[in-house]
Structures are given as C-alpha cells and as structure tokens.
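Comments concern the structure below.
The values are calculated or read from the model by the stated rules, or taken from the named source; none is laboratory data. All figures in this text were calculated on a predicted structure; none of them were measured in a lab. Positions of Cβ are backbone-derived with ideal geometry, glycine not excepted, and every protein chain shown enters the neighbour counts.
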Amino acid sequence: MQKKIGLKIVLILAIMLVFTALIFLGNDWSNSAAAIQKRGLMAGLQESIHLGLDLQGGAHFIYQVKVNEAVSAQSDAAVEILTEEFKKAGKAVADISKPDPAGDPDLIVVKGAVGDAVAELNRIVTERLPEYSPPSRGADNSYLLRMKQAELSKLKTLTVEKSIDAIRNRIDTLGVREPIIQEHGLGDYQILIQLPGADDTARIRELIQSTARLEIRQVFDTPAGYPDEASALQAHSGILPPNTILMHGRDVNATGETQDRVYIVAKVPVVGGTDVRDAQPTRDENGRPAVSFNLNTAGGNKFAAFTSAHSERTADPNHYLAIVLDNRVRSAASIRDEIRDRGQISGGGFTEESARDLATLLSSGSLPASLVSIEERTVGPSLGADSIRHGVQAAVVGMVAVMIFMLVYYRFSGVNANLALMLNLVILLGFLGVSGATLTLPGIAGVILTVGMGVDSNVLIFERIREELRNGKAAAAAVEQGFGRAWLTIIDTHVTTIVSAAILILFGTGPVRGFAVTLIFGLLANLFTAVFVSRVIFDAILGRKGRGEALSI
Amino acid sequence: MEFFRNTSIDFLGKKWIFLGFSLIFSVAGVLSMLFWHKIPLGVDFRGGTLVYVKFTEPPNEDQIRAALNRAGLNNARLQRYDAPAKNSELIDLPQRSQAATDVDSDRNLAIKALSGAAPQGKQDLNNIGASTVRDALIKRDPAHVAPAEYEKIARQIVEFRDKQRDGLFKSVDEAQQSGVQTGIVDALKQDFYTSNFHVFNAEIVGPQVGQQLRKQAILATLYSLLGMLIYLWFRFEMIYGVAAVVAVFHDTLITVGAFSLTNTDITLTVIAAILTLVGYSMNDTIVVFDRIRENIKVMRRESLAEIVNRSINQTLSRTILTSGLTFLTVLSLYLFGGEVLHGFSLALVIGIVIGTYSSIAVAAPMLVAYQEWRGRRVGSTPAPLPAQAAKGKVRVKA
C-alpha cells in the first residue's frame, strides 16, 4: 500500500515537472529555450503562450471573396473559345452571350444554332470546354451552357485558396509575426486575417484589397482613346463592336495635365494576372518611375501569338494594346512587332513609392477575384496590456479568496484542495503552451471558471467525507466512500460541461472558441487533480496516521 | 468549520413561492425584451461601427455629437468608457446601409470629423502606425541610415506613444522623449501634427457578419442544450433531462431579461458567458439529481417528494459553498476585470445566482410535479418508486 502511494507521488511530481516545463517551452522547444537563455524565463513564457489579439493588440479582418468574378472570367474565356471555334469551322450562330453576368456568371446562351451548328456546338463543348455540361435546348433554337456543378464549386474553392496565397505573400512583406490567414468557416468564401501587433490598418487594407489584376487587352480604333463614353459610342454609331467593352483610364497630355480617357478594349484579356511571373520598379524612357514585368512561359506564348498576329506589320487595323490594372487602362500603345515576355507599365502617375508597392503586388500574384471587407477590428496595444493586467488581477484576487476560504473551512484538507488547485493551473497552462492555442481575454475568464469548478469537485468530495464521518465511519472508510460516491457526480458534471464546451469549439469563433478551449483543458486537468491527486494526498496522510486518529477536514 | 449541518428545509412545500418568484423575474425580462429596451444586441450581432477614442482632456459629448452630425453621422450613441480619468469615449455608429462595400467608411468619417481642420498636407501622429512614420522618415532621410534602421526608429516612437503616453502625444516634440536622435523629430515635424485624440480600438461589423453571428449564437446555444439533454437522457431518464433543460432555459431567459432591463449590450463574449452559466446551472442540477438517484435506491418507502426534499438538503451544504466560492471568483472578475469584461462578468454574476436557485426551485420540483401528473392520469396516488438499483439507471414511474 505504502509503496503504491510512493509510486503515485512520483507520477504526480513527474507530471507537475513536465507541465511546468511545457509552460515555458511550449511546442517549439528550441525556439523557446533560446529565448530563455537570451532573455530569461519570462521570454520563454511569451514564446510559448500565444496571446490573442485582444490581449496583445493587432488587426483582425474578414473579407468576402467575390468568387463570382472568377467564374465570370472563366465563362468570358469560354465565350471567346466558342466564337473562335465557330469561326474556324465556318459555322454561323446568331449570338453567343451571357444573359446575367452578375447573378448567373457561368450561364452562356448560344442563339440561332441550327443544323450543323448544333453538332459543332456539341463538339466544341466536349473537346474545348470540359468544365461545361452538354448544352441543353432552350426556346427558339437557343442552347444553354452551364458549368458542371463539381467544376463550379472547385473553381470557387480554388479562387479562395489562390486569394489566401496572394494575401500571404503580401502580408509577408510587412514583417508581421505569426499572421493568421485562413478560410473563415462561418460564411461561404470568406477569409480571416489576424495580424498581431499590426497598427497601420489603412495601409494594410490597401495592400490586402488591391486586386493588382494586371491584364493586357487589345485596344480598338486608337490607342489615344476617347474623351468620354458618348464619343466612343458615337464612333460606332451607338453600338460597340462585338466582344468589346468600354474601359476608363487616365492619360497625361503634353502639358502634364492628367485627363480621363475612355478606351474600347477587347472583352477578354490576352494575358491575365496569373500570367505575370515577377515585376520590378524601373524608369521609363522619359526617366519617370515605372514598373516592368515578366510573363511566365504560358503567358509569354499567348502574348507572342497575339502580338505577331496583331502588330503594325499585319493588316489588322486594331493593332494596339493596353496595359490594364484593376480594370483601369494604365497605358495604351501600338504593337510594333512581336513581343514575347516583357512589358512595362508606364505613362506617368507613379511615384517611387507607388511603383515599388505595385511591383510587390504584381510579384506576389494578383487576386483572382476582388475582396469585400465585412469585418474589421483593431485593438490598440495599450488596451491589450490593460486587459491582461485586469484579467490577471481578477484571477489572482479570486483565487486567493477561494484558497483562504478553503483553508479556514476545511483546515488541513484545505491545503490538500489548494495544492490540487495549483497543480490544475500548472497543467492548464502547460496544455495551452504545448497545444499552441491562443489565450484570449475570455480565455482568462475560462481559467477563472476552471478554478471555480475545481473547487466544486473538492467541496463535493469533502462534504461527502464529512457526511460519512458523521454517519460514524472511520477516517479511511469515509475517505474511500466519499471519493467513490462523489466520483460519479463529478464525472456527470464534467462531461456535461465538456459537451457544451466542445459544441462551442465546433460552432464558435474567436473569443468564444478561446474560452471553450481553456475550459476544456481546465476541466480535463481538474478530473486528474481533484480526484486522483487529492486522493493520493489523503491516502498518504491516512497512511501516516494511526487507526482511529481524526482527519482534519 | 461547518455552516450547514443536517438541515431539513421543506423546499418542495415552497414551490408556489418559487414559482411566483421565477414568474416575476421572467415576465419582467420578457416584457422589457418585447416593449422596453428590446434585446440590446452588441455590435457583433447588429452590425455597425464602434470607435473607442481617448482624448487629452475630458471629452465634451455635445461637441463630439455636433462634429459627427456635421459629417453626416447622425444617430451616434455616445457613452463614456472606462474610468473617468481615462478621458475615453465610446462612439457607437449604427449600421447605415445594407450595402456590403467599404465597411470602414463610418470609422474614417468619424476620425475625420474629430480631426476638424487639420494642417494642410500633414498627418496626425496620434492616429497612424509605425509603417507610416517609417515611410515619412525614409523619404526625409534625416539620419542618413538604411531603411531598416528607420523601421526600428519608427517602432520605437510608436511604441513609446502607445505604452508610455497611452497613445497620445501632446505635440510632435514629445516623440523626442522616446530617446531618438534629435534630427528625427525635426524631420517628423514636417509631415506630422498632433490632434487631441487617439483611436485606441475599433470594431466594425458588416451586416452580413452580424447575421451569421446571430445564427451561430442561436445554433450553439440550441446544440449545447440538445447535447446535454441527450447525455442526461442516457445517464438518467428523459424527464430528468427535460427538467434540467427547462431549468437552464429559465436561467437563460432571466439573464437575457436582466440585460434587457439594464440595457447592457449582448456581445459575443456575453454569449460565451451565457453558455457557461448553462453549463454551470446544469452542473448544479446534476449534483441534486445524482443524489436523488442514489436515494431512490435506499429510500424505498418514502414518496418521491420526500426523497427530493432529502436530497436537496443533503447537497445543500455543497451547493451553497460551491456557488458561494464560484460567485466569489466571478465577483472579482466583475470588480477587477475591467471594462472589457464588464458584460461577460455581469452575465456570470447573475447566472451563478439564478443557476443555483433554479436547480433547487425549478428542476427538482418539476420531477415531482411530473410524477404527480402521471399518477393522476393513471388514476392512482403516487406510489413509491421501484428501484432498479443494480443497473444504476432509475426510472421515475407512477
């Protein structure tokens, strides 16, 4: 019996040591150990216990990814392929269009397809548009094309993933420690970004949100553009050429004034943002800041094919191209000859700084769809520090009050309970360190609640032991019975609370989740300390005492 | 030391008093929810903008309101934040449009409104971050060092402002006290000025998010109740689960009612507190139920009402002690936890008291009431309970 207790005590001490070490070492031991060696024990604590944004300050954003834009871009390309293939095959259809690009971005309607054209349509879809379902017949010889459901959701998910990658690349240039950039589970296609310690939210927002979508598009009529939309339309008697759109841009005239210009450009870009490999800040031929970029192989091939077919040497009257950034024309020029993989964004309007920022954005990859900010929180560092102080203060005051009461009320057994309580906290903090979970303000509250529940378990046991003693049982038997009976109740109460905390982890976000995580860790630790540890202490005491000696409870 | 010893209070005999008490509080809360303050939802759930501003002097709410109105931000709710000495104000701007673009426009408008007439071409040193300071320094290059060095200097200045000066410089000259070289501050003066306020916190929640969070909070509460009901059904018997869930619902209703009566905002953290009290109240109820289950096995001749009464009395000492101690910790949270935890700890302070009360006054009497009702339906008087002691699972039968 005594030997077994000795073993148990060794086990308890070992667990205590391990968890104490975990508090300071966390889950990245070498890193924390280095911090401790260099800057003392507190530094190790800072490395291993991650504080939430509410405690250390920082910025928190949630963005909605407009995935339909990516779908729309895909169907634009599909329309282009259809037009091209029908032309190649010499079959005519009345019209290929997207009736509702905003609300129903993948839908394409082919009108006036009869005879051979129908067979051709089916061939094109099977061979060139594998992401589309076979055409279904609508009214008046029209055919409806829809993307396959699986492909559609794959495209949307991919859009979110690509956006996250691009944002991560951009955030990395800020040098924020431990940023969180991930899909936000609460809504569809949302991204959560948490930047501890970040303070310049306006600048960060600009960096995150600018799509930096660089495109090269064919320009129609003239690279100088038109002064306004009306005159652009007038040049074509009110109807734009097929598959073109109007796009605004800026131009710097001879006297250095900037003026708004409207260009007629191809609906589908020759080269898209994903075709850019990298970009550097540079200067144009006039010595003004500019940005040069390189295309990747796929982009270079597309660009070369286009420029050789539409340069000044060909018969194409529309031998112009425009560099378009985020749906605005930055510069437009005539295509002199075939160009392979280099381009330059110039045309003035850059400062050294904005040229550098744009080069960063282009190199980090463009966003496949634009982002809409739907939630933004910033916590100043002074508020965070204040919260820590208050939270810790409250926890300490509460704990000391409880401990004093336990000592007074249960005398020596109170010491036992207090030891269990402290060990409970050590294990809880060790869990937090090793799991890499973040400690938030509600998390501190969770710690306080754990203290409350830990005390409850002890009170349950002690009251039960007292009851058994009153019923005339000997000390050892009373302890035995007390633990045995209270155990069932403790299991029931802990399991129910853990069930509800687990549900909070599943359905909760942010602060609620942080609270639930600490609560679960605390309750698990409590099952061990209140039941096992305090039992061992009782047994050890009873072992030393003679038969019939009273228990201090 | 011992406070309670062999008490024998007839709790069930007071069930009408309990019922009256519970009804008064629930009905008062429900009436307030329906007709008075409604359910005061925090920004998390209703959407909108909260801007926390610290001023150099005690804030003048009339001036702030006038400035906001001029900027087109009507219906702003102004309220002093934290201790009066902190000169802080919470500006609560309601959601203006359902459009999901530019969620932060209201905050920016508010900052602009507070800034008033700023010096031409200068930025407010009290409301920008380190990277803006760094860029300005790189541009001016007063110390002729590498950009990385300016980054360090910028951080030093901003950190000094936030940690030592609570985010507020009275003049750009004050940046000198952060220990930077003399030339630096002169360079800063060309690009910056100082206003009399500092935005130390901002929460902006779009309408879409508010809706999602509302749905999430309701679902989380319902699921956790369901989870507990199933667990109790499995461990005890259906009626025990139902009685416990009714008691917990009673607690939630009264707590939310109290928030409505005091017009305190229900935020995401308050929901966490309410879910905690759900767990806590359940905990308390289970302790009593456990004792009832145990007593049913031994007290074969007594009626259920007697058994329940005895069980409550036997656990009374534990109930009062635990609740008292937990209340102590929660109270310290309420008193010392600071402004941020105010709503959270308020919910717990109310919840612990109500949760303890409901296990004795709601859950336990419901068991007896159910059994009496069953007995009347069958047409016989309540008979002693058969005990299935061996299985540890006991059924309440008429």
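What is the one condition in (1) under 30 Å from B:ALA217 (Cα atoms); (2) part of a strand (DSSP E or B); (3) within 14 Å of another protein chain (Cβ to nearest Cβ) that B:GLN79 does not satisfy?
With (1) under 30 Å from B:ALA217 (Cα atoms); (2) part of a strand (DSSP E or B); (3) within 14 Å of another protein chain (Cβ to nearest Cβ) applied to B:GLN79, the lone miss is (3).
Quick one: would you say B:PHE45 is in a helix (DSSP H, G or I), in contact (Cβ under 8 Å) with a residue 40 or more places away in the chain and out of contact with any helix residue (DSSP H, G or I) (no Cβ under 7 Å at 6 or more places or on another chain)? Outline the logic, then answer.
Working: in a helix (DSSP H, G or I): yes; in contact (Cβ under 8 Å) with a residue 40 or more places away in the chain: yes; out of contact with any helix residue (DSSP H, G or I) (no Cβ under 7 Å at 6 or more places or on another chain): no.
Here the answer is no, as B:PHE45 does not meet what is asked.
Hey, does the range A:369-377 have a residue that's away from chain B (no Cβ under 14 Å) and within 31 Å of the chain's Cα centre (by Cα)?
To start, the set of residues in the range A:369-377 that are away from chain B (no Cβ under 14 Å) comprises A:369.
Those left that are additionally within 31 Å of the chain's Cα centre (by Cα): A:369.
Yes; the residues of the range A:369-377 include at least one that is away from chain B (no Cβ under 14 Å) and within 31 Å of the chain's Cα centre (by Cα).
Output the residues belonging to the range B:144-158 that are at pLDDT 85 or above and farther than 11 Å from B:SER131 by Cβ.
Listed by number, the residues that qualify are B:HIS144, B:VAL145, B:GLU149, B:LYS152, B:ILE153, B:GLN156, B:ILE157.
Being closer than 25 Å to A:LEU460 by Cα, assigned to a helix (DSSP H, G or I) and at pLDDT 90 or above narrows it down to one of B:THR285, B:THR276, so name that one.
Values: B:THR276 fails: at pLDDT 90 or above.
Within the list B:THR285, B:THR276, the selection yields B:THR285.
With the structure loaded, tell me whether A:GLY484 is part of a helix (DSSP H, G or I) and touching a residue at least 60 places away in the same chain (Cβ under 8 Å) or whether it fails that test.
Numbers: part of a helix (DSSP H, G or I): yes; touching a residue at least 60 places away in the same chain (Cβ under 8 Å): no.
No.
Which residues, counting only those in the range B:257-269, are away from every other protein chain (no Cβ under 14 Å), in a helix (DSSP H, G or I) and either surrounded by 23 or more Cβ atoms within 10 Å (Cβ to Cβ) or of a type outside the set (A, V, I, L, M) (or both)? Full working, then the answer.
Quick first cut of the range B:257-269, residues away from every other protein chain (no Cβ under 14 Å) only: B:257-265.
Filter once more, so that each one left must be in a helix (DSSP H, G or I): B:257-261.
Matches in the range B:257-269: B:GLY257, B:PHE259, B:SER260.
For (1) in contact with a helix residue (DSSP H, G or I) (Cβ under 6 Å, 6 or more places away or on another chain); (2) surrounded by fewer than 18 Cβ atoms within 10 Å (Cβ to Cβ); (3) more than 25 Å from B:VAL270 (Cα to Cα); (4) charged (D, E, K, R), each residue gets a yes or a no:
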{"position": "A:ASN471", "(1), (2), (3), (4)": "no, yes, yes, no"}
{"position": "A:ALA476", "(1), (2), (3), (4)": "yes, yes, yes, no"}
{"position": "A:VAL479", "(1), (2), (3), (4)": "yes, no, yes, no"}
{"position": "A:THR497", "(1), (2), (3), (4)": "yes, no, no, no"}
{"position": "A:PHE515", "(1), (2), (3), (4)": "yes, no, no, no"}
{"position": "A:LEU524", "(1), (2), (3), (4)": "no, yes, no, no"}
{"position": "A:PHE532", "(1), (2), (3), (4)": "no, yes, yes, no"}
{"position": "A:SER552", "(1), (2), (3), (4)": "yes, yes, yes, no"}
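So, in the range B:82-122, of the ones that are in a helix (DSSP H, G or I) and among the hydroxyl-bearing types (Ser, Thr, Tyr), which residue ends up surrounded by the fewest Cβ atoms within 10 Å (Cβ to Cβ)?
Residues of the range B:82-122 that are in a helix (DSSP H, G or I), as a first pass: B:84-86, B:105-115.
Among the residues that remain, those that are also among the hydroxyl-bearing types (Ser, Thr, Tyr) are: B:105, B:115.
Working: B:SER105: 13, B:SER115: 16.
Taking the candidates together, the pick is B:SER105.
Could you give every pair whose Cβ atoms fall below 6 Å, whose first residue belongs to the range B:251-268 and is of a type in the set (D, E, K, R), and whose second residue is part of a loop (DSSP other than H, G, I, E, B), counting only separations of at least 6 or pairs across chains?
B:ASP265/B:PRO40; B:ASP265/B:GLY42
Could you list, in sequence order, all residues of the range B:307-349 that are among the aliphatic types (A, V, I, L, M), surrounded by fewer than 23 Cβ atoms within 10 Å (Cβ to Cβ) and in contact (Cβ under 8 Å) with a residue 40 or more places away in the chain?
Across the range B:307-349, the qualifying residues are B:LEU316, B:ILE320, B:LEU346.
Could you tell me which residue of the range B:294-306 is farthest from the other protein chains (Cβ to nearest Cβ), considering only residues that are assigned to a helix (DSSP H, G or I) and surrounded by fewer than 24 Cβ atoms within 10 Å (Cβ to Cβ)? Working first, answer last.
Just the residues of the range B:294-306 that are assigned to a helix (DSSP H, G or I), to begin with: B:294-298, B:304-306.
Checking which are surrounded by fewer than 24 Cβ atoms within 10 Å (Cβ to Cβ) leaves us with B:294-298, B:305-306.
On the way: B:GLU294: 7, B:ASN295: 12, B:ILE296: 14, B:LYS297: 12, B:VAL298: 12, B:ALA305: 22, B:GLU306: 18 Å.
Applying the filter and picking the extreme gives B:ALA305.
One line per residue, one yes/no per condition, for (1) in a strand (DSSP E or B); (2) among the polar types (S, T, N, Q):
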| residue | (1), (2) |
| --- | --- |
| A:ALA305 | no, no |
| A:VAL329 | yes, no |
| A:GLU338 | no, no |
| A:GLN344 | yes, yes |
| A:PRO368 | no, no |
| A:ARG377 | yes, no |
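Would you mind finding the one in A:ARG389, A:ARG411 that is within 11 Å of chain B (Cβ to nearest Cβ) and under 34 Å from the mean Cα position of the chain (by Cα)?
On the way: A:ARG411 fails: under 34 Å from the mean Cα position of the chain (by Cα).
Of the residues listed, the single one that is within 11 Å of chain B (Cβ to nearest Cβ) and under 34 Å from the mean Cα position of the chain (by Cα) is A:ARG389.
Give the number of residues within the range A:191-209 that are in a helix (DSSP H, G or I), more than 8 Å from chain B (Cβ to nearest Cβ) and either touching a Cys at 6+ places or on another chain (Cβ under 6 Å) or touching a residue at least 12 places away in the same chain (Cβ under 8 Å) (or both).
Total satisfying the criteria: 4.
For the range B:159-171, give me each residue that is surrounded by fewer than 20 Cβ atoms within 10 Å (Cβ to Cβ), closer than 18 Å to B:GLY129 by Cβ and of a type outside the set (S, T, N, Q). Quick ask: steps written out before the conclusion?
Initial filter on the range B:159-171 (surrounded by fewer than 20 Cβ atoms within 10 Å (Cβ to Cβ)): B:159-160, B:163-166, B:170-171.
Filter once more, keeping what is closer than 18 Å to B:GLY129 by Cβ: B:159-160, B:163-166.
Across the range B:159-171, the qualifying residues are B:GLU159, B:PHE160, B:LYS163, B:ARG165, B:ASP166.
When you go through (1) of a type in the set (A, V, I, L, M); (2) surrounded by 17 or more Cβ atoms within 10 Å (Cβ to Cβ); (3) out of contact with any Pro (no Cβ under 6 Å at 6 or more places or on another chain); (4) under 18 Å from A:LYS267 (Cβ atoms) one by one for A:ALA309, which number turns out not to apply?
(2)
If the requirement is being within 22 Å of A:ALA70 (Cα to Cα) and in a loop (DSSP other than H, G, I, E, B), which of these qualifies: A:PRO269, A:PRO241, A:PRO317, A:PRO223? Spell out how you get there, then give the answer.
On the way: A:PRO241 fails: within 22 Å of A:ALA70 (Cα to Cα); A:PRO317 fails: within 22 Å of A:ALA70 (Cα to Cα); A:PRO223 fails: within 22 Å of A:ALA70 (Cα to Cα).
Only one candidate qualifies: A:PRO269.
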